[in-house]
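Novice: Below you'll find the structure I mean.
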Amino acid sequence: MIESQNIEWKETWRDEYLKWVCGFANAQGGVLEIGKNDCGEVVGVKNVLRLLEEIPNKAQALLGIVVDVNLKSEGGREYLEIAVNPYPNPISYKGEFHYRSGSTKQVLRGAALSRFLMEKYGRTWDDVPLPGVGLKDLDGRVFDEFRQRGADSERLPRDILDESDEGVIERLQLREAGFLKRAAVLLFHPAPDRFVMEAYVKIGYFRGSELLYQDIVGGDLFTQVERTMDLLYTKYTRALISYDGVYRVETFPVPREAMREAVINAIIHRDYARPTTIQIRVYDDRITIWNAVQLPLEWASDQLIGELASKPYNPRIAYAFFRAGMIEAWGRGIRRIVDICKEAGNPTPKWELEPGGDGLWLRFPFSAAYEVPVPPVGIAATPKTTSKTTQEQEKTREKTREKTREKTREKTREKILAHIAADPSITTIELASQLGITAKGIEWQIGKLKRMGVLERVGPAKGGRWKIVEAKDE
C-alpha cells in the first residue's frame, strides 16, 4: 500500500500537519493517519487521549472545519485516523491555501490560486469581467461572420442576422455589471493579446532541434482557427497526389477534419491565465500540438479517448463556438479525432500529459508514405510510394521513439539517485535546482522510483531522509 490522493501517513502529530488537513478539505477529501511510517506500518502514537481532544479543536479554530478523529489499533499498537471531508468553500491555514494533488501537498499561489478560488465560487477564468475594453473596441467583421455561421448551422435563429453586436453579446452572456467578460475580448477583439498575454498560436517547422521557419497567428479566436488551418495545409504540409479518373485527389498526412478538431480543442480549452502560447510543431514524420491545460482531477491523458462528460475549461468560449456550429456539445472532439484518423487509414494520434500536469501533448504520426523531408516553402517534394509494410514500419518507428523517451527518463532517474546517494537529506527543490528540472518533474520521477521499489522516504517530510533500496526496473 502506498500514499495516494486520499491517504497520508505521519509518525507523530505536529500542528503544522493541519496544512495536510487543509489540503484534503480543498481537494477531494482524505484521511491523515498519525502513528504510521512512510511504508504504512503502524508504529504507535503517544498522548492519544490528549490528541483526540486537541486535533478537532485546532481544526475548528484554525481552519474553521469539522474533522472526525478516530482511535484505531493494529498489531497491539494504536494510531489516529483523521477523516476530512471535501469542502465547497475555500479553506486556508494561516492565510495560505493548501491543496492535495496526487500524493503531494501544494501551496496555491498566483494563477493557480486565482483559478482555485474561482472554481470554488462557481466562476471560470473566461467568465470574469475585464475593465478597460468596450463594445466599440470589438471587430464588427467578426460579429458578422459569427452571425452567418450561427444561422447557416441552424444553431441560431435566422433573425440573428439582423441582431446588433450588442444583442449578440447579451445572447452569449458576455457582459456583467457593464463590463465585457474576458471571453468577449478573446472571441471578438482584433488583438486580444493586448489584454491576455500570448493569446495566439505559434507554428514552426523543425528538422531535429533546428527551427527552419515559423509563423505567429494572432487575432480573434475564430480567425486563429481559420488562419492556422490555412497555414498548416498550404505552407507546412504536402499532399500525396492521386487521380480518381480525371480528377486530381490530394491526401494530406493528417486529415483536415481531425486537425481542425484538434486546433479548435486547443484554442477552446487552453488555460489563458498562463502566459504561454499554443505551440504546433511540424516535423518530417509528425505534427505535435502542445497546449497549457488544466484537466479535471478525475481525468488522465490515457482516458481522453474514452467516454467522458463534456467539461469545457472555458465554457463561455466553448458556448460561442457551439453556437457558431464549429463544435459539438457532447465532448466528443477527441473521440472524433481518433475515428477520423482511423477511417482515413492513418496512425492513431496520441495524447500525453506532461509530468506535473503543466501541459498536454497531442501527436499526429505520419504514415510511412509521408516520412520524407519537406523542404522550405516553394520547393516541391515528391513523396515516396506507399509500401505494403507501412503499418509495420510505423509500429517499428513508434517503438524506437518510445525507447528513446524511456532512456531519457531512465537517465534522469539515475541522476536523481546519484544525488540522493551523495546527500540522503536533499530536498526536491534542491534536486530540481541541481538537475535543471521543474519541482513537479522531480516529484513525478520520485513517485516513479517509489513505485518501482527503488526509493523510500524515512522519517517525516521535514528532517527525514531518502533511502535507496535497490536499483531495479519496473
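Novice: Give me the pairs, please: first residue somewhere in segment 143-158 and touching a residue at least 24 places away in the same chain (Cβ under 8 Å), second residue anywhere and outside any helix (DSSP H, G or I) and of a type outside the set (Val, Ile, Thr), beta-carbon distance under 6 Å, and either six or more positions apart or on two chains.
Specialist: Between residues of segment 143-158 that are touching a residue at least 24 places away in the same chain (Cβ under 8 Å) and residues that are outside any helix (DSSP H, G or I) and of a type outside the set (Val, Ile, Thr), the close pairs are PHE146/ALA324; ARG149/ALA324; ARG149/GLY325; GLY150/LEU156; GLY150/ALA324; SER153/GLY325; ARG155/GLY325.
Quick grid of which residues meet (1) surrounded by fewer than 14 Cβ atoms within 10 Å (Cβ to Cβ); (2) modelled with pLDDT under 95; (3) closer than 29 Å to GLN445 by Cβ:
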| position | (1), (2), (3) |
| --- | --- |
| SER4 | yes, yes, yes |
| ILE7 | no, yes, yes |
| THR12 | no, yes, yes |
| ILE34 | no, yes, yes |
| CYS39 | yes, yes, yes |
| ARG50 | yes, yes, no |
| GLU96 | yes, yes, yes |
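Novice: Taking into account only those residues within segment 186-203 that are surrounded by fewer than 22 Cβ atoms within 10 Å (Cβ to Cβ) and among the aromatic types (Phe, Trp, Tyr), which is nearest to the chain's Cα centre (by Cα)?
Specialist: Among those residues, the one meeting the criterion is TYR200.
Novice: For segment 73-106, name all the residues that are hydrophobic (A, V, I, L, M, F, W, C) and part of a strand (DSSP E or B).
Specialist: Across segment 73-106, the qualifying residues are LEU80, ILE82, ALA83, VAL84.
Novice: Can you find, within segment 23-32, the residue that is farthest from the chain's Cα centre (by Cα) among those that are crowded, with 20+ Cβ neighbours inside 10 Å and of a type in the set (A, V, I, L, M)?
Specialist: It comes out as LEU32.
Novice: Something else now. Quick check on ARG182: is it surrounded by fewer than 18 Cβ atoms within 10 Å (Cβ to Cβ) and either basic (Lys, Arg) or closer than 17 Å to MET326 by Cβ (or both)?
Specialist: Spelling it out, it is not the case that ARG182 is surrounded by fewer than 18 Cβ atoms within 10 Å (Cβ to Cβ) and either basic (Lys, Arg) or closer than 17 Å to MET326 by Cβ (or both).
Novice: Could you tell me how many of the residues in segment 285-309 are surrounded by fewer than 16 Cβ atoms within 10 Å (Cβ to Cβ) and either in contact with a Ser or Thr (Cβ under 9 Å, 6 or more places away or on another chain) or at pLDDT 60 or above (or both)?
Specialist: Counting residues in segment 285-309 that are surrounded by fewer than 16 Cβ atoms within 10 Å (Cβ to Cβ) and either in contact with a Ser or Thr (Cβ under 9 Å, 6 or more places away or on another chain) or at pLDDT 60 or above (or both) gives 1.
Novice: Select from segment 22-60 the residues that are closer than 12 Å to LYS10 by Cα and not in a loop (DSSP other than H, G, I, E, B) and list them in ascending order.
Specialist: VAL31, LEU32, GLU33, ILE34, LYS36, VAL42
Novice: Can you say whether LEU449 is closer than 23 Å to GLY40 by Cβ and free of Cβ contacts under 8 Å to residues at least 60 places away in the same chain, as far as the supplied structure shows?
Specialist: yes
Novice: For segment 204-243, give me each residue that is surrounded by 15 or more Cβ atoms within 10 Å (Cβ to Cβ) and basic (Lys, Arg).
Specialist: Correct list: ARG227, LYS235, ARG238.
Novice: Same structure, new question: Touching a strand residue (DSSP E or B) at 6+ places or on another chain (Cβ under 9 Å), part of a loop (DSSP other than H, G, I, E, B) and at pLDDT 70 or above, is that true of PRO460?
Specialist: yes
Novice: Taking ASN85 as meeting all but one of (1) buried (at least 18 other Cβ atoms within 10 Å of the Cβ); (2) touching a helix residue (DSSP H, G or I) at 6+ places or on another chain (Cβ under 9 Å); (3) more than 20 Å from LYS462 (Cα to Cα), write down the number of the exception.
Specialist: (1)
Novice: Can you tell me which residues in segment 333-367 are of a type outside the set (Lys, Arg), part of a helix (DSSP H, G or I) and within 25 Å of ALA318 (Cβ to Cβ)?
Specialist: GLY333, ILE334, ILE337, VAL338, ASP339, ILE340, CYS341
Novice: Which numbered condition in (1) surrounded by 11 or more Cβ atoms within 10 Å (Cβ to Cβ); (2) under 31 Å from the mean Cα position of the chain (by Cα); (3) modelled with pLDDT under 80 is the only one that THR386 fails?
Specialist: Of everything listed in (1) surrounded by 11 or more Cβ atoms within 10 Å (Cβ to Cβ); (2) under 31 Å from the mean Cα position of the chain (by Cα); (3) modelled with pLDDT under 80, THR386 misses just condition (2).
Novice: Could I ask something else about it? How many residues does segment 158-176 hold that are assigned to a loop (DSSP other than H, G, I, E, B) and crowded, with 18+ Cβ neighbours inside 10 Å?
Specialist: Of the residues in that region, 2 qualify.
Novice: Count, please, the residues in segment 194-230 that happen to be more than 25 Å from ASN314 (Cα to Cα) and among the hydroxyl-bearing types (Ser, Thr, Tyr).
Specialist: Qualifying residue count, segment 194-230: 3.
Novice: Sticking with this structure for a sec: Within segment 129-157, track down each residue that is of a type in the set (A, V, I, L, M, F, W, C), within 25 Å of ASP193 (Cβ to Cβ) and assigned to a loop (DSSP other than H, G, I, E, B).
Specialist: Within segment 129-157, LEU130, VAL133, LEU138 meet the criteria.
Novice: Right, next: Please determine, by comparing only the residues of segment 415-437 that are more than 17 Å from LYS105 (Cβ to Cβ) and at pLDDT below 85, which one is surrounded by the fewest Cβ atoms within 10 Å (Cβ to Cβ).
Specialist: GLY436
Novice: Kindly indicate whether VAL66 is of a type outside the set (D, E, K, R), out of contact with any Ser or Thr (no Cβ under 6 Å at 6 or more places or on another chain) and buried (at least 17 other Cβ atoms within 10 Å of the Cβ).
Specialist: no
Novice: Looking only at residues in segment 244-257 that are outside any loop (DSSP other than H, G, I, E, B) and either crowded, with 22+ Cβ neighbours inside 10 Å or not aliphatic (A, V, I, L, M) (or both), which one is modelled with the lowest pLDDT?
Specialist: Residue satisfying both the conditions and the ranking: ASP244.
The values are calculated or read from the model by the stated rules, or taken from the named source; none is laboratory data. Please read these numbers as outputs of a predicted model, since none were measured by experiment. When we count neighbours, we look across all protein chains shown, and the Cβ atoms used for this are built from the backbone with ideal geometry, even at glycine.
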